[in-house]
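Peer 1: Can you read through this structure? Questions will come right after.
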Amino acid sequence: MPSTELHAGYLPERFPPPTQFAAITDVTAIPYLSQQSREMYRDFLELPFPRAFVIDNMGTAVSESGGLDPLGRAMAICHTRKGQCGVYAVDDRVVWKPFPVAGQQPPGDKCPQTAMDRGEAQHSDRCLLQSRPWVMR
């Protein structure tokens, strides 16, 4: 059967694995958010799958639902703003991992050896970007 290699940039963002940070319905557990963004999260919980909720450390959020890549769209919108972006929830799962503190690498989180060898992992943020593409600056 003929096939064509697909450029990875055309594929949707993979959803990060779930964490035990909070229950999906616990609006008060979400860090950084303004009251308006908390209301947006309540609305997010009513949206159909696939869906993604992205937050930044400035108190704002982005909610996307439907289509091929809601996570990619949400991250792209978040990156147009100032602040650090991270995925809080996808579909019916909380996937939040707290933003790393500048200059600190979270315990047990190691940079991929190949990146270290190439000198690309100059600090923990770059390291996390390579191991977790859903956590972006």
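Peer 1: Report, by residue number, each residue of the range 59-71 that is outside any strand (DSSP E or B) and buried (at least 16 other Cβ atoms within 10 Å of the Cβ). Full working, then the answer.
Peer 2: First, the residues of the range 59-71 that are outside any strand (DSSP E or B): 59-60, 66-71.
Residues satisfying the conditions are 60, 69, 70, 71.
Peer 1: Return only the number of the condition from (1) hydrophobic (A, V, I, L, M, F, W, C); (2) under 15 Å from the mean Cα position of the chain (by Cα); (3) at pLDDT 50 or above that residue 128 does not satisfy.
Peer 2: (3)
The values are calculated or read from the model by the stated rules, or taken from the named source; none is laboratory data. Nothing here was measured: the structure is a model prediction, and the numbers come from that model. For neighbour counting, all protein chains shown are included, and Cβ atoms are generated from backbone atoms with ideal geometry for every residue, glycine included.
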